[in-house]
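Below is one structure, written out as structure tokens; comments come after it.
What follows draws every value from the coordinates through simple rules; no lab data is involved. Just so we're clear, the structure is a prediction, and the values are computed from it rather than from any experiment. Neighbour counts run over all protein chains shown; Cβ positions are idealised from the backbone, glycine included.
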Amino acid sequence: MNRQDTLDLLFEYTKNDNLRKHAFAVEAAMRAYARKYGESEETWGITGLLHDFDYEMYPTIPEHPIKGSEILKERGYPEEIRNAILGHAHYTNVPRDTRLARALFACDELAGFITAVALVRPNKKIAEVELSSIKKKMKDKAFARNVSREDIINGAQEFQVPLDDHMQFVLDAMKSAADVLGL
């Protein structure tokens with residue numbers, strides 16, 4: 001299990017560039033949190049990369065992420081990663097009982113939301129996004145309406161980090177990966 005093998009798997013199943021960029025955004029946030037908490041950057045980053053790798057091929061409930069978990073099991077990915085990925089979808093009823101699982105849930109929707117905020121900036125650059133912009137857009141229910149604000153809020157609570165701190169942390173992690181995110 002290494003990043004290159006993981007990228008090969010991601011690219012095998014995910015052809016959509018935006019889905020790939022979302023995977024990279026979540027990876028950046030997960031790696032940053034791994035560093036902060038002294039966890040394995042490789043494990044956390046791989047979890048971020050793979051959390052939605054099956055979505056393009058299996059977008060319906062309950063196929064995603066169950067099919068992906070089966071594929072990961074066949075390829076030898078550890079249970080810790082598979083359970084975290086399963087837990088990021090409420091309907092699987094897999095508990096988020098590890099720091100890894102809680103981090104993934106906390107970062108997933110927020111990374112998508114921050115990307116949406118960056119894309120409405122005049123230059124579409126994440127460097128222009130500030131915490132105040134994210135907070136303002138969170139209140140606008142018409143903006144990125146498919147992103148669950150409830151999941152963003154609950155994710156931070158489950159991960160036991162203040163929401164503003166979490167938003168700033170993920171924003172900073174994504175800014176450090178701006179080139180690969182195309183932002």
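Restrict the check to segment 43-57 and report whether at least one residue is farther than 26 Å from M167 by Cα and hydrophobic (A, V, I, L, M, F, W, C).
Yes.
Given the options L131, L100, name the one that is among the hydrophobic types (A, V, I, L, M, F, W, C) and over 16 Å from E39 (Cβ atoms).
Only one candidate qualifies: L131.
All but one of (1) touching a residue at least 24 places away in the same chain (Cβ under 8 Å); (2) in contact with a helix residue (DSSP H, G or I) (Cβ under 9 Å, 6 or more places away or on another chain); (3) surrounded by 13 or more Cβ atoms within 10 Å (Cβ to Cβ) hold for P62; which doesn't?
The one condition P62 does not meet is (3).
Condition first: touching a helix residue (DSSP H, G or I) at 6+ places or on another chain (Cβ under 7 Å) and of a type in the set (K, R). Now tell me which residues in segment 24-41 satisfy that.
R31, R35, listed by residue number.
Can you find a residue that is without any contact (Cβ under 8 Å) to a residue 12 or more places away in the chain and under 17 Å from the mean Cα position of the chain (by Cα) anywhere in segment 96-105?
no
Check off (1) surrounded by fewer than 24 Cβ atoms within 10 Å (Cβ to Cβ); (2) in a helix (DSSP H, G or I) for V26 and give me the number that stays unchecked.
The number of the failed condition is (1).
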